[in-house]
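Notes for the one structure printed next.
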Amino acid sequence: MPAPESNGGPKVGVYVCHCGLNIAGKVDIDQTVEFAKTLPFVTVAREYKFMCSDPGQEMIQQDIRDGLINRVVVASCSPLMHEGTFRRATAGADLNPFYFQMASIREHVSWVTADGEAATEKSKALIAGAVRRVVFHAPLEKKRVPVNPDVLIVGAGIAGIHAALNIADAGKHVYLVERESTIGGHMAKFDKTFPTLDCAACILTPKMSQVRSHPNITMWTYSDVIGVEGFIGNFKARVRRRPRYVDEDLCVGCLECIEACVYKQAKVRDEWNEGLGKRKPIYIPFPQATPLVVVVDPEECIWFKTGKCKKPCVDACERKAMDFDQTEEIKEIEIGSIILATGFKTFDASRIAQYGYGKYPNVYTSLEVERLVNASGPTGGEVLLRDGTKPKSVAIVHCVGSRDEKTNKWCSKVCCMYSLKLAHLVKERTGAEIYNFYIDMRTPGKGYDEFYAKLLKEGVHFIRGRVAEINDWAIKPEEEGKLVIRAEDTLIGAVRRIPVDMVVLSVGMEPQSDAEEVRRLFNISCGGEGWFTERHPKLAPVSTFTDGVFLAGACQGPKDIPDSVAQAGAAAAEVLSLIDRGGVELEPNSAYIDEESCSGCRTCMALCPFSAISFVADKGVASVNEALCKGCGTCVAACPSAAAQQHLFTDEQVFAEIQGVLDYV
Amino acid sequence: MRAKAFEPRIVAFFCNWCTYTGADLAGISRMTYAPNVRIIRLMCSGRMDPQFVFAAFREGADGVLIGGCHPGDCHYQEGNYKARRRFELLTRMAKGLGIEEERLRLEWISASEGDKVQKVCNEMTERVRKLGPLRLAPRPEAHQEVPAAETVAVGAS
């Protein structure tokens, strides 16, 4: 039990922050300060415009040095925002930083209360709670734990690849886990990138092969992270490596096995080409796949389906790499930090029935057209209709599954630019008339608006209006056999019908369908839409609420390639900074047992999810292993004799706070 | 200080990782709600000692709100399940003491559900307002008899 008499009896300083007008605009600061002066043990109560600023912190430190106070209460923003700041300020004046308590009168009062008088009263209550509580605070030491320098990166699209290379180049070991059979992600499917029109493969594949050969990167494709435990600096993860029925170390990517397969014709839907091409049951997704190791699809392979096959693939392989007995393998790794770069999926265009995707064969999604214009795609880079002819007119429909109350409300950020890119590429390859239907043209970014201006000069048509419907109902002779776009042109104020041969639906970006499971696995949070939540939208954009877990790329929200790469670099820098710190300080909020009061009932032991409590037989009492305790306090709440306590949340501290928030106002 | 019309006082115990952060989000998003709820931060809803709830009622709370992470989302794996079990017993015990169970509420609110914080705080305030003040005897005035400073000194000796 902390003794308030220690260090000279409690003398509490209360500091009320205006936060500019964020608090002062609602809460009567003077009245609050006068009230604070009346609270027990309060020797100093002051206000200041910005307590977190240097002069604000200096004010607290001066009062400590002058011997006026030995407990600090700051009434300002949320402790999740500035608790660390004020603890450091307190420590800076040689007072133990845990003689500090914060009252959140911004997030929990001034920003959420309509009435000024009510806000003032609520502020007083929260300050009274903090003052009551801080009297019972005790000096504590932070635990320091080492940081394992190994890093886990989940997802090997451009964000994961960039982060992995940054970290590996700094001499740290990276486990890069990708669930597809190749790394590269969405970027590997694109032909050109906007606005520079440089070839996606030319800038991505060198990075992919660097990953493959980097001595500091363990690359696991066709693998999933299935378990994570631990905390910052000290995580353990389990990775499931699915069988590809080919020994990755032996296969050299000669592809003789694919040639030899009993299926002479490729018959299986080729996912990599968005279903526009076919592959065999044994395949590689694309020629630059990394690793260049074939995969056997057990759903389609005749050996797995019937148990009867001559397996010519096995005979064709000189390296003896085929292994039909391969089973899944579980790898257990220890890492100190994690970067999630799990990316996005594209909007399912069939959800908007009136656009006819899936009904009219020549209605394509933008990702399908990316494959059509790609030289390594199913048509070798030619833009062709389903019947093999070149389109003479193409409509590009923007905002499909974006900025739409019925589907996704957000702007997917990349679609305007990639639509312009596709307009340019399709026009270049086919000479077709191109019609862009847009709501607003959003082209902020370096060189982006210039690209739009270039397209305007190229003779691409731009029609401002959301497309109402796409169908094949010809009214006029020139509409026969065509797809007819019906849209209001809001610039001329008329409804237009435009017959075209091909429609491209510019689908937006969505969180991965398993984002929720991934979020749970790594114990981070998602917004309502499913994008992973960053710790602070401006000041901690790649951190999460779970220390040691960082975000990169489109899993956090729609992003283009430059943004994803920049964020991946930022996440890598955060990780490297953490590793070079060598250790992390943990909040000293672990549980402890007062041996005098412990009856040895062992109730606490069964409740601890971390098995941190053991029984000391010779003393007949429970004992908490501080290194294992995470500080939830579940055992404390259960202890029938109040022998279990939690630092920073002792019973008397919480009782005092309850009394405080209720007593005074 | 209290207005003439009955203004319920509600103490909320929110877990650090989900509901407290959700309440911060409500603030950042400027979602105004009833000023009657005073939030106390705990690391986990599993730290919710039933004594805290009865202490709050004893000290003059008219309602108690407990907020934790959604099932499966607990930062400490299963603290919220423990909270749920305790809450069941707590509610029964409260009823036995003559405290209407409507004065107690357990809600799962995630860090991204600022709107739910707003909604739950408003609903809870209205619910308790309808119930009227919790008339436990003695009322908090009892504590004013002993000067607060002495209470602390006694507790520490």
In whole angstrom, note down how far apart the Cα centers of segment A:110-185 and segment B:20-56 are. 20 Å
Calculated FRET value between residue A:626 and residue A:407, using beta carbons and R₀ = 60 Å, to 0.05: 0.75
Rounded, prolate or oblate (a/c below 1.5 giving rounded, otherwise prolate when a/b exceeds b/c) for segment A:224-357 by Cα gyration tensor: oblate
Rounded, prolate or oblate, given the Cα gyration tensor of segment A:20-154, with a/c below 1.5 counting as rounded? oblate
Out of the chymotrypsin sites (Phe, Trp or Tyr not before Pro) in segment A:582-623, which ones are loop residues according to DSSP with at most 10 other C-beta atoms within 10 Å? none
With N denoting the number of residues in segment A:590-646, provide Rg(C-alpha) divided by 2.2 N^0.38 Å, to two decimal places. 0.94
Which order results if A:209, A:337, A:611 are arranged by neighbouring Cβ count within 10 Å, fewest first? A:611, A:209, A:337
Could you please rank A:417, B:48, placing first whichever residue has the fewest other Cβ atoms within 10 Å of its Cβ? A:417, B:48
May I ask you to sort A:143, A:37, A:280 by Cβ crowding, counting other Cβ atoms within 10 Å and putting the fewest first? A:37, A:143, A:280
Give the average, rounded to an integer, of partner chain Cβ atoms located within 10 angstrom of each Cβ in A:519-528. 4
Show me the ranking of peptides A:446-459, A:502-515, A:352-365 by mean Cβ neighbours inside 10 Å, starting with the highest. A:502-515, A:352-365, A:446-459
What is the sum of charges around residue A:541, taking Lys and Arg as +1, Asp and Glu as -1, for the other residues whose C-beta is under 9 Å from the C-beta of residue A:541? +1
Part-to-part distance (alpha-carbon centres) for segment A:340-405 and segment B:67-101, which is given in Å: 50 Å
For the pair residue A:144 and residue A:49, how long in nm is the line joining their label points, each one 7 Å along Cα→Cβ? 3.8 nm
What's the angle, to the nearest 10 degrees (0 to 90), between helix A:561-581's Cα axis and the longest principal axis of chain A? 40 degrees
Taking the Cα centre of chain A as origin, work out the dipole magnitude from +1 charges on Lys and Arg Cβ and -1 charges on Asp and Glu Cβ, in debye rounded to 20. 1520 debye
Expressed as a rounded percentage, what relative contact order does segment A:348-510 have, with Cα pairs under 8 Å and six or more residues apart? 29 percent
Farthest toward positive dipole pole in segment A:1-133 [+1 Lys/Arg, -1 Asp/Glu at C-beta], among A:92, A:33, A:50: A:92
Restricting attention to segment A:499-550, which trypsin sites (Lys or Arg not before Pro) occupy a DSSP loop and are surrounded by at most 15 other Cβ atoms within 10 Å? A:538
Report relative contact order for segment A:256-316 in percent, whole number only (criteria: Cα-Cα under 8 Å, sequence separation at least 6). 36 percent
What does the charge add up to near residue A:336, with Lys and Arg as +1, Asp and Glu as -1, over the other residues with Cβ less than 13 Å from its Cβ? -2
If I take every Cα pair under 8 Å that is 6 or more residues apart in chain A, average their sequence separation and divide by the length, what percent do I get for the relative contact order? 14 percent
Neighbour-limited loop hits for chymotrypsin sites (Phe, Trp or Tyr not before Pro), segment A:473-541 (at most 16 other Cβ within 10 Å; DSSP other than H, G, I, E, B): A:473
For chain A, rounded, prolate or oblate, judged on the Cα gyration tensor with a ≥ b ≥ c (square roots of eigenvalues), a/c < 1.5 rounded, else prolate if a/b > b/c? oblate
Tilt of helix A:651-663 relative to the longest C-alpha principal axis of chain A, in degrees (0 to 90, nearest 10)? 90 degrees
What is the sum of charges, Lys and Arg at +1 and Asp and Glu at -1, for the other residues whose Cβ falls under 13 Å from the Cβ of residue A:28? -3
For residue A:599, placing the label point 7 angstrom along Cα-to-beta-carbon and taking segment A:633-665, residues whose amide nitrogen sits under 13 Å are A:639-644
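Only the coordinates and a few stated rules stand behind these numbers; no lab work does. No experiment lies behind these values; they were computed from the predicted model shown. Neighbour counts are summed over all protein chains in view; Cβ atoms, including those assigned to glycine, are modelled from backbone coordinates with ideal geometry.
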